[in-house]
C-alpha cells in the first residue's frame, strides 16, 4: 500500500533548520502502515532534507560548513543571469539533496536516539515550504 501526505512549513531562509521529526512520526502512525519505508521530498530547488543531531552547536557547525563550501557573497553565474542573489542556495541544496528515505517498523520511524529529520532552507529569504511524504508498506 502507498500513502501520500504533505507537510506545510514556513521557514526563515539563510540555512534555517527545522526539526520535522514530530510530524514524520505522527504521519507514519496516522498512515496505518506498520512496516515499510517513508520517502520525504522537499519541493523546490533551494531547500533540502537530511538527518542530524538537532542541537544549537551542530546547527552552527552546519551553517559554518556551508559558508566554507558554498559561501554567500561571491557572484554565482545564476545570480548574474537572474539577479536574485541566491545562487549559493541552489548549489547547497543540490549538494545535500531534496529527498531522504527512512525505514519504519511497528508504525514508527527507525531513527537513532540523537537523530532527527530536518528541513534545511538555504534560500536568501523566508519561504513557504512543502514536503511530500510517501509511505510504502503494509
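Points worth noting:
- Difference of contour (0.36 nm per residue) and Cα-Cα distance, residue 95 to residue 130: 10.7 nm
- The angle between the Cα long axis of helix 56-69 and the main principal axis of the chain comes to about 50°, on a 0 to 90 degree scale.
- At full extension, residue 114 and residue 30 could sit 27.9 nm farther apart than now, given 0.36 nm per residue minus the alpha carbon distance.
- Rg over Rh [alpha-carbon atoms, Kirkwood Rh] for the chain: 1.02
- Principal-axis analysis of the Cα atoms of the chain puts helix 21-31 at an angle of about 40° to the longest axis.
- Taking every DSSP helix (H) stretch of at least 4 residues in the chain, weighting each as -39,500 (n - 2.57) and dividing the sum by the residue count yields a mean residue ellipticity at 222 nm of -9000 deg cm²/dmol.
- Against the main long axis of the alpha-carbon atoms of the chain, helix 87-96 sits at an angle near 30°.
- Here the peptides 93-106, 110-123 are ranked by packing, the mean other Cβ count within 10 Å, and the order with the highest first is 110-123, 93-106.
Laboratory data are not the source of any read-out in this text; all were calculated from the coordinates shown. Computed from a predicted model, the values in this text were never measured in an experiment. Here the Cβ is made from the backbone with ideal geometry for all residues, glycine too, and neighbour counts use every protein chain on show.
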